[in-house]
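Here the structure is laid out as structure tokens; the discussion comes afterwards.
The values are calculated or read from the model by the stated rules, or taken from the named source; none is laboratory data. Here the structure is a predicted model, which is why all the values come from computation and not from measurement. Cβ: placed from backbone, ideal geometry, glycine included. Neighbour counts: every protein chain shown. Ligands, DNA and RNA are stripped out before the accessible areas are found, and what is left, the full protein with its side chains, is counted by its heavy atoms. Shrake-Rupley method; radii C 1.70, N 1.55, O 1.52, S 1.80 Å.
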Amino acid sequence: MRWYASPTARLIAGLAVTLASVAGFSWYALDQIAGLRALQTTAIDRNRRDSLQLLRIENNLNSIGLAMRDMVNGDEPYPLEAFRSQFARVRRDLDDALRLERSLAPESLSPSREHYFRQSLSQFWTSVDQMFALANTPHGDKQATELVRSSLEPQQEAMSATVARLLVENNLTEERAAARVQEIYRRVERDVYLFLAAALAAILATSLYLIYSNRRLFQRLEALSAQRSALARKLITMQEEMLRSISRELHDEFGQILTALGAMLARAEKKELPSGFREDLREIRSIAQEALDKTRGLSLALHPSILDEGGLEQAIDWYVPIFQKQTGIRVDYRKSGRGADIPDAVAIHVYRVLQEALNNVARHSGAATAQVRVEFAPSKLCLEVEDHGSGLPARPAAGARRGIGMVAMRERADLLHGVLAFDRPAEGGTRVRLDVPIIEEL
Amino acid sequence: MTRRDLLIAAPLAVAGASIEPSAGFHFTGVTAQAGIHFTHNSGAFGGKYLPETLGPGCAFFDYDADGWQDILLVNGTNWPGHHGPRSTLRLYRNNRDGTFTDVTRRAGLDIEMYGMGVAAGDFDNDGFPDLFITCVGQSRLFHNTGKGTFVDVTHSSGLAGHEGFSTSALWFDYNRDGLLDLFVCNYVKWSAAGDVYCTLDGKRKSYCTPEAYHGSTCWLFRNLGNGRFEDVTASSGIFDSSSKSLGVAMLDYDNDGWPDLFVANDTQPNKLYRNLRNGRFEDVAIEAGVAFSEDGKARAGMGVDAADFDNSGVTSLVVTNFENEMLGLYRLGRGGSFQDQAPGSNVGRLTRRSLGFGCFFFDADLDGLLDLLVVNGHIDSTVQGLETDARYQQPPHLLWNRGAAGFRDIASEVGAGFATPKVGRGAAFGDFDGDGDLDVLIATNQGPAYLYRNDLSNGNRSVRFRLRGTKSNRDGIGAVVRIQLNGQTRSRMVKSGSSYLSQSELPVTFGLGRSDRAERVTVAWPSGRFEEFKNVAAGSYDVVEGQGITKK
């Protein structure tokens, strides 16, 4: 027998390669996403939040600028001291914004510029305090206004310019980060296409190999099935030949011997013999006759000679009454058509199926009656055995041998290219139906 | 559940579990049948002057002290050099039968001015509420003579010479001397001569946003008790020339018995002025978390109100803002700072697309939980041609407070016409028909006023208190009334101001639900006096400081 290698190992290898590549790519993608997220969180988002705080600082500086303009222009009907609470509020908001900004400022920004800004702001508030102190002195409003014009306004403008530059730097940092994000997207996009191509190739190769393996597997199954059928046919044929041979031997050889033995004993009986010996001889002859009857019965059981001599129809006609007699089950036997042209090779298997089916009725159905219908047609033969007993069990009882007889029936039907069917009639029980095509050369 | 409740509930349950419960009240439009015939004149002639977009306000107040709420509707006028029909504010006297009579001329208020808002309070404690009308230009103080007429005392009171773009105002006794002081919001420094050219489409002039103008400080005037007021804006710490204020509400957020102020600013940080009890205020809005939105942005604050809407014992604030900004619903948390509840609740989602102005908490269905009315409307009619989903006229939101289930907007369910889109501005509430529930007055820009009568069908009852101070200011403004019902405490402050350019009635109303009485009523007067009344049945009462309670 030719050796066929199992495809499992190669398929597992293909699956492993596919899974490994998916896992590898997933890791790669997650790594890229994590990098992207880190970049967005640490750089872009932080940068934006920092810019928001810088805008808040700038807004506050502008607010101070506007207030100082009101002070210088004398737009409000209130003394300069009135602005103190406004400055205090802006200062609180500025301090809060600066505190937040310090925690968010990108590392790329110039520390010296930050330092310069904080120093400038500190100097500014010192000047503001001086200005309000001046404003609180008698006739100090004029000097305070002059201080605003000469010192505070230039300081405020310088600080606004610094914040504006920080915002520009932030924008540049954001643009650089955005460019890096775009680069990551481009790289990931390219790698996604590469991975998809590789994954498709791996899936294609595995699938092709799977198709090839499947085809080989089915071819092998077909060959095995054909071998098994041939073997079964050979076995059954051999079995039938052997049974026929044994039957003939029993009938012809042992039958003749026992018949001769009986005849000889009958002749001896007719001679003058002591009375006791005659009785013995009669008993021996009776035993010999019994042996002859049993031998003939066994011979018929192994292979009914009537099948060879009278054909299938006569064999069935002969067997059905014997079955009734042996089992006490009344059989309603009907036939139609003529069975004269049934080839011997078909007849023995049909006969064996009938035998097995009726034996099943006797053994398992518990039915008191059975029906046998045989339909002979020129091109086909149909045999039906039906009982209305307990029917086939849905599942065989635990430990029971799963229908060797039924398996044999199926094999015989296959040998005849026929169809064997088991079903449940409406009245219950079991119906076995065998349909066999009649082909001349078979 | 009683057998009757069960009988009522059963058909509802069969009708379908998904059907929302009915609010149990209707707002019936009664403007014309009540005799209110008013159209606001913004003076718009095509010049797109900024003040045209913002008015007007309205008020429920009892000018003749007869116990029935009268109505005042503020009006603008034609700009100098532009002629049109004469327009003045309108005073409508309550006829006590569901109708009103226009008494503007008889009351001496038939005066042209570019009015914006109104604050009503009895500044001289004579028993009759006086009127402060905020204007573009010189605002006016009208003294109520008690004989059905008003006299302009702007000059004699010392309020003259304060010209600005004044918006909301309120009366309150910040120094607790028994005299009502006056707080006035100013928007921006604007004049017709200095009007800035802005355009949305690059072709036609449109209304500018406030960024185009310099801010303007609010004013605080101390009542000297002799009919005169002193400008204490600077000395009280209120002065801030960057403010662009539109709404103001009084509250006592730190529960120290001294009235604080919340001021809504447009594109500038809101202000929370904490009363330092020494005549000075300190702005603590940033520390308290109400200066900006949750994302740190100064929004376009318009209207404002303060109340304990969830009966938790702490004050919450509502601030209406521009479209896409959603309203702010700030609830005071532990540590004295507020958290905006709107972004995390459906309040934010419901109001995000609206441009809100007037707003107030009131118990519309008298179930004991304060509901919220917000009136909306865009500032420029040309917006509809520029933005696909923005509308000039917008429906109001009536956010029905369902306790733990949150708010639900039922504006479209409480009566035909209530949810009709309007260019809403001022809004006020008051029980004009004396049936114990709260009716609503809405003023619209360049349009009519709307009076809605509350027709309650849920069988809920109320208890109402009109306070009269003796040592405290006569209106009892600043007094806190609390009732206990079923182990729960509910509180209301007698207050002027709130909403937008408007004033609601001074009597406080508590919904009792199906209960027929409050177990305990306490009044904390601004003078420091504390009074307690037990087992107060549903109905309307007069409470006179130190003299007990009388059922009307």
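So which strands (runs of 3 or more DSSP E) are wholly in region B:465-539 and hold at least 2 residues that are among the charged types (D, E, K, R)?
B:488-493, B:517-524, B:530-537
If you go through region A:250-267, how many residues are open to solvent by 50 Å² or more (accessible area, probe 1.4 Å) and in contact (Cβ under 8 Å) with a residue 24 or more places away in the chain?
Going through region A:250-267, the residues open to solvent by 50 Å² or more (accessible area, probe 1.4 Å) turn out to be A:251-254, A:256-257, A:259, A:261, A:264, A:267.
If we keep only those that are in contact (Cβ under 8 Å) with a residue 24 or more places away in the chain too, we end up with A:251, A:254, A:259, A:261.
The number of residues fulfilling the criteria is 4.
Give region A:108-144 a look and list any residue that's free of Cβ contacts under 8 Å to residues at least 24 places away in the same chain and within 20 Å of residue A:67 (Cβ to Cβ), or say none.
Residues satisfying the conditions are A:122, A:126, A:129, A:130, A:133, A:134, A:140, A:142, A:143.
Just to verify a result, which residue in region B:304-314, among those that are in a strand (DSSP E or B) and hydrophobic (A, V, I, L, M, F, W, C), is nearest to residue B:425 (Cα to Cα)?
Looking at the filtered set, the residue picked out is B:304.
Which of the following residues is modelled with pLDDT of 95 or more and touching a His at 6+ places or on another chain (Cβ under 9 Å): B:448, B:421, B:395?
B:448
Residue A:297 fails exactly one of the following numbered conditions: (1) touching a helix residue (DSSP H, G or I) at 6+ places or on another chain (Cβ under 8 Å); (2) more than 21 Å from residue A:372 (Cα to Cα); (3) open to solvent by less than 50 Å² (accessible area, probe 1.4 Å). What is the number of that condition?
(1)
Checking the structure you have, find out if any residue of region A:65-74 is within 60 Å of the chain's Cα centre (by Cα), more than 8 Å from chain B (Cβ to nearest Cβ) and of a type in the set (D, E, K, R).
Going residue by residue through region A:65-74, those that are within 60 Å of the chain's Cα centre (by Cα) are none.
No, region A:65-74 contains no residue that is within 60 Å of the chain's Cα centre (by Cα), more than 8 Å from chain B (Cβ to nearest Cβ) and of a type in the set (D, E, K, R).
Among the listed residues B:185, B:198, B:218, which satisfies the condition of being surrounded by fewer than 20 Cβ atoms within 10 Å (Cβ to Cβ) and either within 27 Å of residue A:68 (Cβ to Cβ) or under 21 Å from the mean Cα position of the chain (by Cα) (or both)?
Of the residues listed, the single one that is surrounded by fewer than 20 Cβ atoms within 10 Å (Cβ to Cβ) and either within 27 Å of residue A:68 (Cβ to Cβ) or under 21 Å from the mean Cα position of the chain (by Cα) (or both) is B:198.
Can you confirm whether residue A:137 is β-branched (Val, Ile, Thr), in the same structural domain as residue A:36 (by TED's automatic domain parsing) and open to solvent by less than 40 Å² (accessible area, probe 1.4 Å)?
Against the criterion (β-branched (Val, Ile, Thr), in the same structural domain as residue A:36 (by TED's automatic domain parsing) and open to solvent by less than 40 Å² (accessible area, probe 1.4 Å)), residue A:137 does not qualify.
List the number of the failed condition for residue B:240; all other conditions in (1) surrounded by fewer than 24 Cβ atoms within 10 Å (Cβ to Cβ); (2) part of a loop (DSSP other than H, G, I, E, B) hold.
(1)
Filter region B:227-263 for residues that are free of Cβ contacts under 8 Å to residues at least 40 places away in the same chain and either of a type in the set (A, V, I, L, M, F, W, C) or within 14 Å of chain A (Cβ to nearest Cβ) (or both) and give the result. Give the derivation first.
Quick first cut of region B:227-263, residues free of Cβ contacts under 8 Å to residues at least 40 places away in the same chain only: B:233-234, B:239, B:241-242, B:255-256, B:260.
Scanning region B:227-263 gives B:233, B:234, B:239, B:241, B:242.
Report yes if residue A:31 is without any contact (Cβ under 8 Å) to a residue 40 or more places away in the chain, open to solvent by 40 Å² or more (accessible area, probe 1.4 Å) and more than 21 Å from residue A:199 (Cα to Cα), otherwise no.
Against the criterion (without any contact (Cβ under 8 Å) to a residue 40 or more places away in the chain, open to solvent by 40 Å² or more (accessible area, probe 1.4 Å) and more than 21 Å from residue A:199 (Cα to Cα)), residue A:31 does not qualify.
State yes or no: is residue A:218 without any contact (Cβ under 8 Å) to a residue 12 or more places away in the chain and either open to solvent by 100 Å² or more (accessible area, probe 1.4 Å) or touching a Leu at 6+ places or on another chain (Cβ under 6 Å) (or both)?
Numbers: without any contact (Cβ under 8 Å) to a residue 12 or more places away in the chain: yes; either open to solvent by 100 Å² or more (accessible area, probe 1.4 Å) or touching a Leu at 6+ places or on another chain (Cβ under 6 Å) (or both): yes.
Yes: the conditions hold for residue A:218.
Mind checking which residues of region B:167-214 are within 14 Å of another protein chain (Cβ to nearest Cβ) and in a loop (DSSP other than H, G, I, E, B)?
Correct list: B:189, B:190, B:191, B:194, B:213, B:214.
Looking at residue A:144, is it modelled with pLDDT of 90 or more, part of a helix (DSSP H, G or I), crowded, with 17+ Cβ neighbours inside 10 Å and more than 13 Å from chain B (Cβ to nearest Cβ)? Break it down into steps so the answer makes sense when it comes.
Values: modelled with pLDDT of 90 or more: yes; part of a helix (DSSP H, G or I): yes; crowded, with 17+ Cβ neighbours inside 10 Å: yes; more than 13 Å from chain B (Cβ to nearest Cβ): yes.
Yes: the conditions hold for residue A:144.
I'm checking my understanding of the structure. Among residues of region A:88-105 that are aliphatic (A, V, I, L, M) and within 11 Å of chain B (Cβ to nearest Cβ), which one is nearest to residue A:122 (Cα to Cα)?
So the residue we want is A:94.
Of everything in region B:89-104, what is surrounded by fewer than 24 Cβ atoms within 10 Å (Cβ to Cβ), outside any strand (DSSP E or B) and touching a strand residue (DSSP E or B) at 6+ places or on another chain (Cβ under 8 Å)? Give them in sequence order.
If the condition is that a residue be surrounded by fewer than 24 Cβ atoms within 10 Å (Cβ to Cβ), outside any strand (DSSP E or B) and touching a strand residue (DSSP E or B) at 6+ places or on another chain (Cβ under 8 Å), then B:95, B:98, B:103, B:104 are the ones that fit.
Quick test for you: out of A:291, A:357, pick the one residue that is touching a strand residue (DSSP E or B) at 6+ places or on another chain (Cβ under 9 Å), open to solvent by less than 60 Å² (accessible area, probe 1.4 Å) and either assigned to a helix (DSSP H, G or I) or among the acidic types (Asp, Glu) (or both).
Residue meeting the stated conditions: A:357.
Give the number of residues within region B:124-166 that are in a strand (DSSP E or B), among the polar types (S, T, N, Q) and over 18 Å from residue B:180 (Cα atoms).
Matching residues across region B:124-166 total 2.
Could you check how many residues of region B:105-123 are surrounded by fewer than 19 Cβ atoms within 10 Å (Cβ to Cβ) and either assigned to a strand (DSSP E or B) or on the phi < 0 side of the Ramachandran plot (or both)?
Taking region B:105-123 as the starting set, the residues that turn out to be surrounded by fewer than 19 Cβ atoms within 10 Å (Cβ to Cβ) are B:105-106, B:108, B:110-112.
Still in the list and also either assigned to a strand (DSSP E or B) or on the phi < 0 side of the Ramachandran plot (or both): B:105-106, B:110-112.
Adding up the residues that qualify gives 5.
Could you please find all residues in region B:243-260 being under 14 Å from residue B:281 (Cα atoms) and open to solvent by less than 10 Å² (accessible area, probe 1.4 Å)?
B:250, B:251, B:260 - these are the residues of region B:243-260 that are under 14 Å from residue B:281 (Cα atoms) and open to solvent by less than 10 Å² (accessible area, probe 1.4 Å).
For region A:58-117, which residues satisfy the criterion of being part of a loop (DSSP other than H, G, I, E, B), farther than 18 Å from residue A:134 by Cβ and open to solvent by 40 Å² or more (accessible area, probe 1.4 Å)?
A:75, A:77, A:107, A:108
Within region B:269-303, take every residue that is in a loop (DSSP other than H, G, I, E, B) and open to solvent by 40 Å² or more (accessible area, probe 1.4 Å) and give me the one that is farthest from the other protein chains (Cβ to nearest Cβ).
B:277
Inspect all residues belonging to region A:226-245 and state whether any of them is modelled with pLDDT under 85, acidic (Asp, Glu) and in contact with a helix residue (DSSP H, G or I) (Cβ under 7 Å, 6 or more places away or on another chain).
Yes, the conditions are met somewhere in region A:226-245.
Conditions (1) closer than 30 Å to residue B:300 by Cβ; (2) among the β-branched types (Val, Ile, Thr), marked per residue:
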| position | (1), (2) |
| --- | --- |
| B:104 | no, yes |
| B:109 | no, no |
| B:126 | no, no |
| B:130 | no, no |
| B:178 | no, no |
| B:196 | yes, yes |
| B:215 | yes, no |
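Test each condition in (1) open to solvent by less than 50 Å² (accessible area, probe 1.4 Å); (2) touching a residue at least 40 places away in the same chain (Cβ under 8 Å); (3) closer than 30 Å to residue A:131 by Cβ for residue A:165 and report the one that comes out false.
Condition (1) is where residue A:165 drops out.
Take region B:154-166 and flag every residue that is in contact (Cβ under 8 Å) with a residue 24 or more places away in the chain and either touching a Lys or Arg at 6+ places or on another chain (Cβ under 9 Å) or within 14 Å of chain A (Cβ to nearest Cβ) (or both). Please lay out each step first, then the result.
First pass over region B:154-166, keeping only residues in contact (Cβ under 8 Å) with a residue 24 or more places away in the chain: B:156-159, B:162-166.
Within region B:154-166, B:156, B:157, B:158, B:159, B:162, B:163, B:164, B:165 meet the criteria.
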